[in-house]
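S.K.: Handing you this structure, nothing more for now.
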Amino acid sequence: TRRAVWAQQMPPPDVRSMHNKVSLVDPKSAGATHWVAHPEAVWIPGRRRDGNPNVYLTEVGEVTVKDDAELEPIFDDWALRGVGDVCILSNVSDATLLHTLRVRYSRDEIYTYISCILVAVNPFKRINMYSSEFIELYRTAEDTQALEPHIFGVSAYAFQNLIQKQKPQAILISGESGAGKTENTKFVLLYVASVLKSDHGLEEKLLQINPILESFGNAKTVRNDNSSRFGKWIQMSVNPATMRLAGASVTDYLLEVTRVCSQGPDERNYHIFYQLTTEEALSEYPMLKLDRPKKYNYLKRTTPHVVGLDDRKEFHHLMDALSAMKFSAEEEENILRIAAGVLHLGNLEFDAGPSDGSTIKDEDVLATAAEVFKCDREKLSKCVRFKRRVTGREVIETPLDPQKAHLARDSMAKYIYGRLFQWLVHRSNETLSAALGGHHDKALLFIGVLDIAGFEFFKTNLLEQLFINLSNEKLQQFFNTAVFKSELAEYEAEGVPINQIAYKDNQDILDLIEGKGGILQTLDDATTGVKLTDAQYTAKLIREHDKHANFVKPKFVAQNPLLFGVKHYAGEVMYTTEAFIEKNESQQPPEVVELMDTSDNPVLKDLTHEFEDGGKAKGAAHGKKTVSSSFRRSLQSLIQRLSDAEANFVRCIKPNKEKVPVKFESTQVVDQLRLSGAMETVKIRQSGFLIRTQHLDFAKRYLLLVSKEDKAGLLKNAKSSSNFFLSMNSDGYAAAKTLMSLLPKVIPAEKFKETDMACGKTKTFLRSDLYRALEEARRKALTGPAIKIQALARGYITRKEMKVVFEINNALKECTAQAGELKW
């Protein structure tokens, strides 16, 4: 279990004020400290004012609470100090966790441990903590957990376990958009590339994948100026014999293809489109026939520029990365042609034509799109103006009216761009896995990094949100199981018996969404079987799942025929089923596939094929499947990979909506903590023994509680307590066991239970109640000697000062007597 060294986290009693010592112990006394509810801070420490039990003094002024308000007392002033791991505190609650993050954030300490989770709060500014010196600090540390919490600490911890345990490692990074997932993923890759070397320069290529993924997969949103609109799993294979990097691969999940055609207010399309329309790119690549962003339907309603983002500079980074990843000059041009072709395709407009069909308004736009794509002009025209159906041996082409032609145009643009992104990922994998011969050897170890969007709920939630939330349900189940197994493993390794540890299981929610007859299977049936409309599909869901405890039926079904809800582990979400059926269709019209397959652009032609992990095409992208089934298969494959590895968790937090430094909005942070499942970790840990420490640390800390008589017996074979511990160093178990047997004499009977402590092979285990009683006894034991020491010190200092004063006075009297100026 991850925790910092005890001595580092727990300041000695003499650094705390005597007032704090008294008030934090008795919550019923005047001046007692509690967590007080506050509209902006959510919870804030407040001290009860003398003479008025309803008024609390806080750092933001006086706060009045209701007579019947149940306030949580603060027993432990360490809860106010911003410790590195909240699980070393005697009592961990939502308030404790929030305040710890708030205090640490104010000190630019953006990382905090919650047991096995690293919480990372986005600082929205550069902090000097990612240099090579920091990498070396964590790489060479004997115990990384003794250092300040850091993303390099998690990376080093994973790497150490990879070497020592010879077991694959996974680092799961999650959080909402703008929380810092992508940046922390980069820092993990930076650490691995710095520590792991290879025979093929793969560590450098590993860092070059980022400019490619960000150009084609990132965009400005209202939440984040550089938001990854997809999830990714980056797997770095390690040769166990040499501990060198042997290869790597990237798996992408759920690219937001709808962004290609439409974006929200104050948002942008994907970065690549703006990079291609910079002056430098326009002059360097005239064959793309592009112009400024305002000339294109897919860009003209977006924000063209982003503060702090230089599209010209990023385009150069992209081209350098493509070259480093062994893309040929021809491939580079054809990639850019496809991206530019999507923009030209979006400029096709339609008028009403004969037979309820449509005509293209400007044939020059069609000609330009076909020329840039390197495809047949007439075939392209038919793809957007007709729908082809095959009935037996007969091929029927049905004309599309202008509205449907626009939809066909957008559908084609989204399909081509989505396939291009997948091709870029798999083509990059060919370079990253070159040392493996195009496939990953199962005998190799790996370090994997998962960067995926956290739980989402908006005013309108569509199929994309259902997929994202399903992935988070699966990952939450994996997370709970991993933490639970980690707890049990530690107890088993220490030989400590433990009653059953309770934790929240969300299997019933998963069954509702992806189980037999569940929401997604019903969607697949409605897509590939008897076709249903979105309204018919929604009605079927309500009929079949109305009684399910986690299914939410809208109050007014008639007024909301496309609405249903799910009670997720993180809260209730209402989904709008508009376009569910259309979005779930995996197959593209055969005329679009034919157009691409007959193109003179080799890359566009290659997009019609599926790819294996190494980037090899394995056949045409035909076959009856759905987006839902494909996503669930890839998700199950991911969970299997994670299950084969030892997991490390990073939860990223966005502290404010404005994306500005310093500002910490507690209401927003506490919502994200609840959605992340971070508190579930604390609950799982607290259901067992909260405090675990090395035997000698335990004995050294609490030996002072023992009476002189008992201590004499303990020290009969040693001249001092120091020698006692030295004599016990070979058997810390004996020291802890002996001390534990004497605790009933120093802890009040009402606060002592033998079941609240256990002696493992290397650690002493304490429940929070006993730990709090021990700390209170220790505080009292130190208070008396501290006062005596202070009195002796003050007396010594005063006597020493007065001795000097008397010496000076005598010298003065002697001088004045000799001068005859004064008679005494």
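The values are calculated or read from the model by the stated rules, or taken from the named source; none is laboratory data. Quick caveat, the model's predicted, so the values are computed rather than measured. Ideal geometry is used to build each Cβ from the backbone, glycine not excepted, and the neighbour counts take in all protein chains shown. All accessible areas refer to the heavy atoms of the entire protein, side chains included, with ligands and DNA or RNA removed. Shrake-Rupley method; radii C 1.70, N 1.55, O 1.52, S 1.80 Å.
S.K.: Need the C-alpha centroid separation for the range 306-364 versus the range 121-135, integer Å.
M.R.: Value for the Cα centre distance between the two parts: 36 Å.
S.K.: Sticking with this structure for a sec: Take the Cα radius of gyration of the range 157-253 and divide it by 2.2 N^0.38 Å, with N its residue count; two decimals is plenty.
M.R.: My calculation over the Cα atoms of the range 157-253 gives 1.15.
S.K.: Between their Cα atoms, which of K181/K531; K459/K625; K181/K205 are more than 28 Å away from each other?
M.R.: Cα-Cα > 28 Å for K181/K531; K459/K625; rest within.
S.K.: Separate question: Step through the residues of the range 53-58 one at a time and calculate ³J(HN,Hα) from phi using the Karplus curve (6.51 cos²θ - 1.76 cosθ + 1.60, θ = phi - 60°), rounding each to whole Hz and writing x for Gly and Pro.
M.R.: Each residue's phi maps through the Karplus curve to give x, 9, 10, 10, 8, 10 Hz.
S.K.: Taking only DSSP H segments of four or more residues, each worth -39500 (n - 2.57), what value at 222 nm results for the chain once the sum is divided by all its residues, to the nearest 500 deg cm²/dmol?
M.R.: -14500 deg cm²/dmol
S.K.: Follow-up question, since we're still on this one. Could you list the square roots of 5 times each eigenvalue of the Cα gyration tensor of the range 94-243, that is, the equivalent ellipsoid semi-axes, sorted largest first and rounded to whole Å?
M.R.: After scaling each eigenvalue by five and taking roots: 25, 22, 14 Å.
S.K.: Could you go through the range 549-561 in sequence order and give the Karplus-derived ³J(HN,Hα) for each residue, using 6.51 cos²θ - 1.76 cosθ + 1.60 with θ = phi - 60°, rounded to whole Hz, and x for Gly and Pro?
M.R.: Running phi through 6.51 cos²θ - 1.76 cosθ + 1.60 with θ = phi - 60° gives 4, 9, 9, 10, 8, x, 5, 10, 4, 4, 7, 10, x Hz.
S.K.: Ranked highest first by average number of other Cβ atoms within 10 Å, how do 247-253, 552-558 line up?
M.R.: 247-253, 552-558
S.K.: Name the long-range amide H neighbours of G247: under 5 Å, sequence gap of 5 or more, or other chain; modelled H, no Pro or chain starts.
M.R.: S237
S.K.: Tell me which residues come under 5 Å, amide H to amide H, from G448 once H is placed; ignore anything under 5 positions away on its chain.
M.R.: For G448, the qualifying residues are Q169, A170, I171, M236.
S.K.: What nm distance separates the two modelled labels at L207 and A734, each placed 7 Å from Cα along Cα→Cβ?
M.R.: 5.3 nm
S.K.: Rounded if a/c is under 1.5, else prolate if a/b is larger than b/c, else oblate: which is the range 306-378, with a ≥ b ≥ c the root eigenvalues of its Cα gyration tensor?
M.R.: It is oblate, given that a/c is not under 1.5 and a/b is not larger than b/c.
S.K.: So, R0 is 51 Å and r is the distance between the beta-carbons of D697 and C815; what FRET efficiency does that work out to, to 0.05?
M.R.: My answer for the efficiency is 0.25.
S.K.: With every protein chain present, what is the per residue accessible area of the chain (1.4 Å probe, Å²)?
M.R.: The answer is 46 Å² per residue.
S.K.: Check cross-link reach from K800 to the lysines: straight Cα distance under 30 Å, and skip same-chain residues fewer than eight apart.
M.R.: K788, K813, K823
S.K.: Once neighbouring chains are kept in place and the probe is 1.4 Å, which whole percent of the accessible area of the chain is contributed by carbon and sulfur?
M.R.: So the carbon and sulfur contribution to the accessible surface is 52 percent.
S.K.: Still on this structure, I have one more. Report the GluC sites (Glu not before Pro) located in the range 303-384 that are in a DSSP loop and have at most 16 other Cβ atoms inside 10 Å of their Cβ, or state none.
M.R.: E349
S.K.: For the range 330-476, what log10 I(q)/I(0) values come out of the Debye formula at q = 0.15, 0.21 1/Å, with one point per alpha carbon and no solvent?
M.R.: Debye output, listed in q order: -0.98, -1.20.
S.K.: What are the semi-axes of the equivalent ellipsoid for the range 175-332, taken as the square roots of 5 times the Cα gyration tensor eigenvalues, largest first, in whole Å?
M.R.: Square roots of five times the eigenvalues give 31, 19, 12 Å.
S.K.: Can I get the semi-axes of the range 41-139's equivalent ellipsoid? Compute them from the C-alpha gyration tensor as square roots of 5 times the eigenvalues, in angstrom, largest first.
M.R.: 33, 15, 10
S.K.: Could you check the simple spin-label distance between K504 and A146, using points 7 Å along Cα→Cβ, in nm with one decimal?
M.R.: 3.7 nm
S.K.: Measuring from centroid to centroid over Cα atoms, what is the spacing of the range 227-299 and the range 68-115 in Å?
M.R.: Between the Cα centres of the range 227-299 and the range 68-115 lies a distance of 39 Å.
S.K.: Using the reciprocal of the averaged 1/r over all distinct C-alpha pairs, how large is the Kirkwood radius of the range 499-546 in Å?
M.R.: 12.1 Å
S.K.: Work out from phi, with θ = phi - 60° and the Karplus expression 6.51 cos²θ - 1.76 cosθ + 1.60, the ³J(HN,Hα) of each residue of the range 37-51, listed in order in whole Hz, and give x for Gly and Pro.
M.R.: Going residue by residue, I get 5, 9, x, 9, 7, 6, 9, 9, x, x, 10, 4, 7, 4, x Hz, with x marking Gly and Pro.
S.K.: Can you compute the modelled spin-label distance between E610 and D356, with each label point 7 Å from Cα toward Cβ, in nm?
M.R.: Taking the two extended label points, one gets 3.6 nm.
S.K.: Give the cross-link partners of K540 among the aspartates and glutamates, using a straight C-alpha distance below 18 Å as the criterion and excluding same-chain residues fewer than 8 apart.
M.R.: D511, E514, D524, D525, E578, E582
S.K.: Something else: Beyond 23 Å, what share of the Cα-Cα pairs of the range 394-519 is found? Please give it as a whole percent.
M.R.: The calculated P(r) of the range 394-519 puts 66 percent of pairs beyond 23 Å.
S.K.: For mean projected area of the Cα convex hull in nm², pick the label among (1) 36.5; (2) 50.9; (3) 72.6 that corresponds to the value derived from the coordinates.
M.R.: (2)
S.K.: Still on this structure: Taking 56 Å as R0, compute the FRET efficiency from the Cβ-Cβ separation of E807 and K780 and round it to 0.05.
M.R.: 0.85
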